[in-house]
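First up is the structure itself, then whatever we jot down about it.
The values are calculated or read from the model by the stated rules, or taken from the named source; none is laboratory data. Here the structure is a predicted model, which is why all the values come from computation and not from measurement. Here the Cβ positions follow ideal geometry from the backbone for every residue, glycine too, while neighbour counts run over all protein chains shown.
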2 protein chains.
Amino acid sequence: MPKIVDHEKQRKKVAEATWRVIQKMGLDQASVRNVADEAGLSVGSMRHYFTTHSELLSYAMKMVSDRVGNRITNIAFSGDLLTDIPLLVDEILPTDEEKRLEMEVWFAFVVKSLSDKDLAKHRMEVDDELRTVFIKIMNGLTTANLALPDLDIEVEIERFYALIDGLAVHAVLRPEKVTTDIMRRAVRKHLLSICRPAPASG
Amino acid sequence: MPKIVDHEKQRKKVAEATWRVIQKMGLDQASVRNVADEAGLSVGSMRHYFTTHSELLSYAMKMVSDRVGNRITNIAFSGDLLTDIPLLVDEILPTDEEKRLEMEVWFAFVVKSLSDKDLAKHRMEVDDELRTVFIKIMNGLTTANLALPDLDIEVEIERFYALIDGLAVHAVLRPEKVTTDIMRRAVRKHLLSICRPAPASG
């Protein structure tokens, strides 16, 4: 048992080293040699963890989406959608340095997936999962009678999802312009704009 | 004169061949040899058109943004913002096959620009120009008294711009899900959602 645990731990370390190489030099430089150097391992020992270069890249890509998924699973939801939806979206958006690195690496994989079938398969699975998240958001708002009446739900699902991916791209490319604060204000504004006005309190 | 024209024409042809190589094999495969093969030229003759590989890539990247810019310049605007804004945005979004190829190539350059200073400079110039387009859109709507009162303009500029880039990414990655029709409906809905309700006619 401990050996298996160590083995998996080591694979994660190697995948993290892959991320750093991608961030510093680009995905086309994430060779077995460069990753081994970054991880402080010999090129020879790399084959204990990954049989092929392609397996290493698939694993490193999947580790990004797994982390996002785990964070979402661990959110302590309040039950109030107008509080919970921003919390959920916050785990997808690059709202801190760690998530920014993940997103930057993810974009590199996404672009490579356009000419790599193995990576494309995983990219589409993740896209399907995220699309389902936004379908659930819109359905939840509608069921709770919070959404504006007469919304074109198909358009609203895409509009919310595209906004989030657009913010994520911008935050990676221009972090000084698209700050965490701007992203959060945009999400909140968007959410309010598709919901009925709150009843006046008091 | 004719010689200069031919020379520029040939450079464009080589840049277009570069786009096709990027689309088929990825940017890391856009070597001088592969581009020469795709363009039907000898590797030796490539140096008549581009001195270095880096110059070729910069030119091919700039040709994408130049085409978008030219299309926008050539729009016959009506003067009615609610008609003209969708027309303008349509020239940025991948609403046909040609624009989809451009956008796919652009993403590849954008990701490469994260680890390439020359490409990063151009990417940021284009980002500044596009951001200015959305600043002008929001200012235009406000001046024409079409925008809702009390909008947080800084957030609305980013929200519109991020929506457009998000739609563009999605349309390249999932063209069967994010169709031209969905993109146009999302843009129209977004525009209406930041504007005052139209006065009832009649």
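Taking segment A:155-202 as the range and being over 19 Å from the mean Cα position of the chain (by Cα) and among the polar types (S, T, N, Q) as the test, the residues that pass are A:193, A:201.
Based on this model, can you work out whether residue A:134 counts as within 14 Å of chain B (Cβ to nearest Cβ), within 29 Å of residue A:193 (Cα to Cα), buried (at least 18 other Cβ atoms within 10 Å of the Cβ) and of a type outside the set (A, V, I, L, M)? Can you show your working first?
Working: within 14 Å of chain B (Cβ to nearest Cβ): yes; within 29 Å of residue A:193 (Cα to Cα): yes; buried (at least 18 other Cβ atoms within 10 Å of the Cβ): yes; of a type outside the set (A, V, I, L, M): yes.
Yes; evaluated as a whole, the condition is true for this residue.
Specify the residue that is nearest to the chain's Cα centre (by Cα); the eligible residues are those in segment B:54-82 that are small (Gly, Ala, Ser) and not in a helix (DSSP H, G or I). Don't jump to the end; show me each part of the working.
Here is the first cut: in segment B:54-82, the residues small (Gly, Ala, Ser) are B:54, B:58, B:60, B:65, B:69, B:76, B:78-79.
So of that shortlist, the ones also not in a helix (DSSP H, G or I) come out as B:76, B:78-79.
On the way: B:76: 19, B:78: 22, B:79: 23 Å.
Checking each candidate, the answer is B:76.
Return the only residue of B:181, B:128, B:165 being under 24 Å from residue A:94 (Cβ atoms), surrounded by fewer than 16 Cβ atoms within 10 Å (Cβ to Cβ) and within 11 Å of another protein chain (Cβ to nearest Cβ). Steps first, please.
Values: B:181 fails: under 24 Å from residue A:94 (Cβ atoms); B:165 fails: surrounded by fewer than 16 Cβ atoms within 10 Å (Cβ to Cβ).
From the options B:181, B:128, B:165, the qualifying one is B:128.
So for segment A:138-154 (the condition being under 17 Å from the mean Cα position of the chain (by Cα) and either crowded, with 17+ Cβ neighbours inside 10 Å or within 8 Å of another protein chain (Cβ to nearest Cβ) (or both)), does at least one residue qualify? No, segment A:138-154 contains no residue that is under 17 Å from the mean Cα position of the chain (by Cα) and either crowded, with 17+ Cβ neighbours inside 10 Å or within 8 Å of another protein chain (Cβ to nearest Cβ) (or both).
Taking segment B:24-83 on its own, how many of its residues are polar (S, T, N, Q) and in contact (Cβ under 8 Å) with a residue 24 or more places away in the chain? Full working, then the answer.
Start the filter on segment B:24-83 by keeping residues that are polar (S, T, N, Q), which leaves B:29, B:31, B:34, B:42, B:45, B:51-52, B:54, B:58, B:65, B:70, B:73-74, B:78, B:83.
From what's left, in contact (Cβ under 8 Å) with a residue 24 or more places away in the chain: B:54, B:58, B:65.
Total satisfying the criteria: 3.
Can you confirm whether segment B:25-32 contains a residue that is of a type in the set (S, T, N, Q), surrounded by 12 or more Cβ atoms within 10 Å (Cβ to Cβ), assigned to a helix (DSSP H, G or I) and away from chain A (no Cβ under 14 Å)? No, that holds for no residue.
Take the conditions surrounded by fewer than 17 Cβ atoms within 10 Å (Cβ to Cβ) and assigned to a loop (DSSP other than H, G, I, E, B) and apply them to residue A:121. Does it pass? Lay out the reasoning, then the answer.
Details: surrounded by fewer than 17 Cβ atoms within 10 Å (Cβ to Cβ): yes; assigned to a loop (DSSP other than H, G, I, E, B): no.
No.
Within segment B:66-86, identify whether any single residue is buried (at least 17 other Cβ atoms within 10 Å of the Cβ) and within 14 Å of chain A (Cβ to nearest Cβ), and answer yes or no. No: segment B:66-86 contains no residue that is buried (at least 17 other Cβ atoms within 10 Å of the Cβ) and within 14 Å of chain A (Cβ to nearest Cβ).
Which of the numbered conditions does residue A:171 fail, given that it passes all the others? Conditions: (1) within 14 Å of residue A:90 (Cα to Cα); (2) not in a helix (DSSP H, G or I). Failing condition for residue A:171: (2). Which members of segment B:179-201 meet the condition of being free of Cβ contacts under 8 Å to residues at least 12 places away in the same chain and not in a helix (DSSP H, G or I)? Result: B:179, B:197, B:198, B:199, B:200, B:201.
Among the conditions (1) at pLDDT 95 or above; (2) over 21 Å from residue B:187 (Cα atoms); (3) at the interface with another protein chain (Cβ under 8 Å from one of its Cβ atoms), residue A:189 misses just one, which is (2).
Counting only residues that are without any contact (Cβ under 8 Å) to a residue 24 or more places away in the chain and surrounded by fewer than 18 Cβ atoms within 10 Å (Cβ to Cβ), which one in segment A:93-115 is nearest to the other protein chains (Cβ to nearest Cβ)? Restricting to residues being without any contact (Cβ under 8 Å) to a residue 24 or more places away in the chain and surrounded by fewer than 18 Cβ atoms within 10 Å (Cβ to Cβ), the top hit is A:97.
Which of the residues that make up segment A:83-96 are under 13 Å from the mean Cα position of the chain (by Cα), in a helix (DSSP H, G or I) and among the charged types (D, E, K, R)?
Initial filter on segment A:83-96 (under 13 Å from the mean Cα position of the chain (by Cα)): A:88-96.
Next, from what is left, pick out any that are in a helix (DSSP H, G or I): A:88-92.
Matches in segment A:83-96: A:90, A:91.
Matching residues to (1) modelled with pLDDT under 95; (2) over 30 Å from residue A:21 (Cβ atoms):
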| position | (1), (2) |
| --- | --- |
| B:107 | no, no |
| B:124 | no, no |
| B:146 | no, yes |
| B:163 | no, yes |
| B:200 | yes, yes |
